[in-house]
């Protein structure tokens, strides 16, 4: 760096004065402003004072003191939690007027819920839930049963959620989520929080019953104390409190049930989820009463408020924890509104319900499909972490099924040969780890997921080669194969085919996710669909091979009877899964050729880039696939050769979209019991139909009408585009 | 359009006097502030990659970049690109960026990269026209929760440098 080290400053200055800031054990504060002033006089423009260890990284991480955007040491109001408490920022009780106390308690509960939702959505605990002073000093609230039990449950809930997300350990965005250093997340007796909550709930319930009972009865209960002193409001406040307490109780139950190993608590969790949802609805309904109770005008729209009543809650200060929040100075964050928080929890509960309804006996293929479907509803981190925890526990599927068994079932290895020494082989163990890792990756957010899927392609390729080499060597050394060795070769042969199919499936998912993430510009669609086409062809090849190898094994066992005509017919008929794939292949091919033709006939103009060509962009998009040779020899020259001759006139003659429509008609009935597959077929049909029509219009009218413009939209399917023809 | 472009003067970073102009433009645009050290880091080490656009005597746009070795690739990085609001839509940003990329290419960079908010349609269109692809999506990259795209431009390599995939060790036989 130019102009760096200043000369040794020899300036006479008075000793720095001690400031009123109290000294710590290892620190003494002194005012150095005069020294800095003197240094500034001495430095030329562009000069920098730095010590030997002030390197470039340090320069980039530097912050400007007193800039509130960068300097977390800037004190907003209080130096510490204790000072805030001394100043009365979190009184206990909140008010001597019991009605006000109840109202304020409800506000605190609502704001905590909003904070919790904000935390889930990707902010730090310190700035959200633990901005609550009552939570930071758990012992202070012991005289206030409502607040104390509620805070306990919130702390216990947060602790449970942190542990589930930590266990997932995918190192995506949860790094910020799980940071709880210096926060009172583990309170004494928090595990007994439910019994405390139940006691409080029971009390409020009695208070509710009492206020609804005729006055005679009420007088009889001598030691009875109502919730607050305004009889007209008792019912409203009791009800408002009860649904909030009950929601917390049921939500805590949901989390503990779902935490039980091997999915044992899922059914019970679903019951609690249903209760949560109903209590949330009551909470929403309570806002009318609570808003009517508050004195004074409401500033701003109710939509932004973090409480049902619209009032600011007492006892929260996000700046108190700013030094604990994050490595970099935290920016102020906006807590979600109360309404949005409830929406978030509703969605979370629905997502958790889907997870709880996951059958625990699915094949691997069905599990992968289940996860892909689940991800379509865009679940947040907490829901996804719970799914991962259910599927992968102790290195086993559902915490119960060893991976080798999962693989052999997926590879359609015949029953008798499943238990075998093969499973101890190094490559097989490695393959097992890849399967577990794949399941975890599929539970992450799609942006992170796609990056990881791209990276693991090479691992899957390598394991295939290792397996092939290892077992080829073993079987190649003997010419007389023992029965055991035959069985071993058979198992590995099945597994190898399956590994290839799975590798191409990962590649297809990698390519398809690019559409969801909006990574492709329209000018790149042609090459992307081409690559998807090429990969789908490979999947078809491997799937068919897997079925053929299965049938062969069956024949060899002699169990398959081929006497009846029906059996022969069934063998000849193409399996529905294959037809389904063929339909997708037709669409991919159709789109590739249509896009190529449009470009070749100058109907889709792309101005050339000044710095590179389509070749470079091809290399970049498919780099990870090319490195792993998936598929082999799918190079840019091959893509160009396949598409350079394509003309619209060819396409009308060989209409791939019409082929797709034919296949859909043929295969529809086979999937009539499967609502997801049926819905997908309908979508594919729509794409095929619209594209076929568009193709017709373009090929007939384009030459005559140069004002026709073709664009591609995803209105019928998330990754197969539909051509839209318009006059410009 | 053309006449106003003729009025725009593009200048290479010339020294300390340009620094406050750059800081002024960039600070106004960004929600995440940079310390002065960050600016100095870029313009002192790579002044040849930093350009300013002037209209009359007024600085209306700037681009700040770096380049260096990153995981066995010599790559350029576009750190900041700003054009003041009233001067947008005239291709000034394209002119600035093109100059930087040209220098990167001539300096031996293999690729250029940057991040842009997924909502920044203008930037995405600009870089797309220059040959950048959207290589990755970064979830909640910015502190306001918005995702980012990592944009990458790959310069053409000499043909002999390309890997022959037919004899690649991982090739299926």
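Per-residue Cβ counts within 10 Å, from other chains only, averaged over A:386-399: what number is that?
Partner-chain Cβ atoms within 10 Å, mean over residues of A:386-399: 0.
Can you work out the FRET efficiency for the pair residue A:40 and residue A:347, with r the C-beta to C-beta distance and R0 = 60 Å, to the nearest 0.05?
On the way: r = 55 Å, r/R0 = 0.91.
Approximately 0.65, to the nearest 0.05.
Highest first, please rank the peptides A:622-633, A:99-110 by the mean number of other Cβ atoms sitting within 10 Å of their residues.
Per-residue Cβ counts within 10 Å, averaged per peptide and sorted highest first, yield A:99-110, A:622-633.
Dividing the alpha-carbon radius of gyration of the stretch A:343-413 by 2.2 N^0.38 Å (N being the number of residues), what value is obtained?
Against the empirical 2.2 N^0.38 Å value, I get 1.18 for the stretch A:343-413.
Ignoring solvent entirely, what values of log10 I(q)/I(0) come out of the Debye formula for the stretch B:97-163 at 0.28 Å⁻¹ when each Cα is a single scatterer?
-1.20
What is the antiparallel percent of DSSP beta bridges lying wholly in the protein assembly as shown, to the nearest 5? Present the calculation step by step, with values, prior to reporting the outcome.
Working: 43 of 46 bridges.
Roughly 95 percent of the DSSP beta bridges within the protein assembly as shown come out antiparallel.
Mind jotting down a quarter of the surface of the convex hull over the alpha carbons of the stretch A:330-377, in square nanometres, one decimal?
Across all orientations, the stretch A:330-377 yields a mean hull projection of 5.1 nm².
With a ≥ b ≥ c the root eigenvalues of the C-alpha gyration tensor of the protein assembly as shown, is it rounded (a/c under 1.5), prolate (a/b larger than b/c) or oblate?
Judged from the Cα gyration tensor, the protein assembly as shown comes out oblate (a/c at least 1.5, b/c at or above a/b).
Place the peptides A:344-354, A:22-32 in order of packing, highest mean first, counting for every residue the other Cβ atoms within 10 Å and averaging per peptide.
On the way: A:344-354: 19.0, A:22-32: 9.5.
Ranked by mean Cβ neighbours within 10 Å, highest first: A:344-354, A:22-32.
Kindly express, to the nearest 10 degrees and within the range 0 to 90, the angle between helix A:364-375's C-alpha long axis and the longest C-alpha principal axis of chain A.
Rounded to the nearest ten degrees, it is 50.
Mind pulling the angle between the C-alpha long axis of helix A:145-168 and the longest principal axis of chain A? Nearest 10 degrees, somewhere in 0 to 90.
The answer is roughly 30 degrees.
Under Stokes-Einstein, with the Kirkwood radius over Cα pairs standing in for Rh, what whole-number D in µm²/s applies to the stretch A:604-672 at 4 °C and 1.567 mPa s?
Details: Rh = 15.6 Å.
Translational D for this selection: 83 µm²/s.
Output the peptides B:97-103, A:585-591, A:229-235 sorted from most to least packed, where packing is the average of other Cβ atoms within 10 Å over each peptide's residues.
A:585-591, B:97-103, A:229-235
Sort A:713, A:601 by Cβ crowding within 10 Å, fewest neighbours at the top.
A:713, A:601
Could you check what % of the DSSP bridge pairs in the stretch B:1-119 are antiparallel, to the nearest 5?
About 85 percent, rounded to the nearest 5.
Could you give the angle, 0 to 90 degrees to the nearest 10, between helix A:446-476's Cα long axis and the longest principal axis of the Cα atoms of chain A?
50 degrees
Cut-off is 10 Å between beta-carbons; in what order do A:278, A:699 appear when sorted fewest neighbours first?
Lowest to highest Cβ neighbour count: A:278, A:699.
Based on the Cβ-Cβ distance of residue A:601 and residue A:682, what FRET efficiency does E = 1/(1 + (r/R0)^6) give at R0 = 56 Å, to the nearest 0.05?
Once the sixth-power term is evaluated, E becomes 0.95.
Determine the shielding of peptide B:126-133 by partner chains: average, over its residues, the number of Cβ atoms on other chains within 10 angstrom of each Cβ.
5
Could you tell me what % of all Cα pairs in the stretch A:117-187 have separations over 21 Å?
Cα-Cα pairs in the stretch A:117-187 separated by more than 21 Å: 25 percent.
Based on the alpha carbon coordinates of the stretch A:251-322, what radius of gyration and maximum Cα-Cα distance (Dmax) apply, in Å?
Taking only Cα atoms of the stretch A:251-322, I get Rg and Dmax of 17.9, 54 Å.
Hey, what did chain A get for relative contact order, percent, Cα under 8 Å, at least 6 apart?
Rounded, it is 10 percent for chain A.
For the stretch A:616-705, what is the relative contact order in percent, using Cα pairs closer than 8 Å and at least 6 residues apart in sequence? Walk me through the numbers on the way to the answer.
Values: 34 pairs, mean separation 26.1, N = 90.
This gives 29 percent for the stretch A:616-705.
Which of A:603, A:469 comes first, and how do the rest follow, when ranked by fewest Cβ neighbours within 10 Å?
A:469, A:603
Could you work out [θ]222 nm for chain A from helices alone, using -39500 (n - 2.57) per DSSP H run of at least four and dividing by all its residues? Round to the nearest 500 deg cm²/dmol.
Estimated from H runs of four or more residues: -19000 deg cm²/dmol.
With 18 Å as the cut-off, how large is the P(r) tail for the stretch B:1-160, expressed as percent of Cα-Cα pairs?
When every Cα pair of the stretch B:1-160 is considered, 60 percent fall beyond 18 Å.
Normalized C-alpha radius of gyration of the stretch A:628-715, against 2.2 N^0.38 Å?
Normalised Cα radius of gyration, the stretch A:628-715: 1.40.
Modelled label-to-label distance, residue B:72 and residue A:641, 7 Å Cα→beta-carbon offset: nm?
Each label point is offset 7 Å from its Cα along the Cβ direction, giving 2.9 nm.
In peptide A:607-617, how many Cβ atoms from other protein chains are near each Cβ within 10 Å, on average? Let's see the in-between values first.
Numbers: counts 1, 2, 7, 7, 13, 11, 3, 1, 4, 9, 6.
Average neighbour count from other chains, rounded to a whole number: 6.
Report the Stokes-Einstein translational diffusion coefficient (µm² s⁻¹, integer) for the stretch A:86-207, Rh taken as the Kirkwood radius over Cα pairs, at 10 °C with viscosity 1.306 mPa s. Don't jump to the answer; show the numbers that get you there.
Numbers: Rh = 15.3 Å.
Rounded, D is 104 µm²/s.
No lab work stands behind these numbers, since they all come straight from the coordinates. Keep in mind it's a predicted model, so treat the numbers as computed, not measured. Cβ coordinates were reconstructed from backbone atoms using ideal geometry, including for glycine residues, and neighbour counts include every protein chain displayed.
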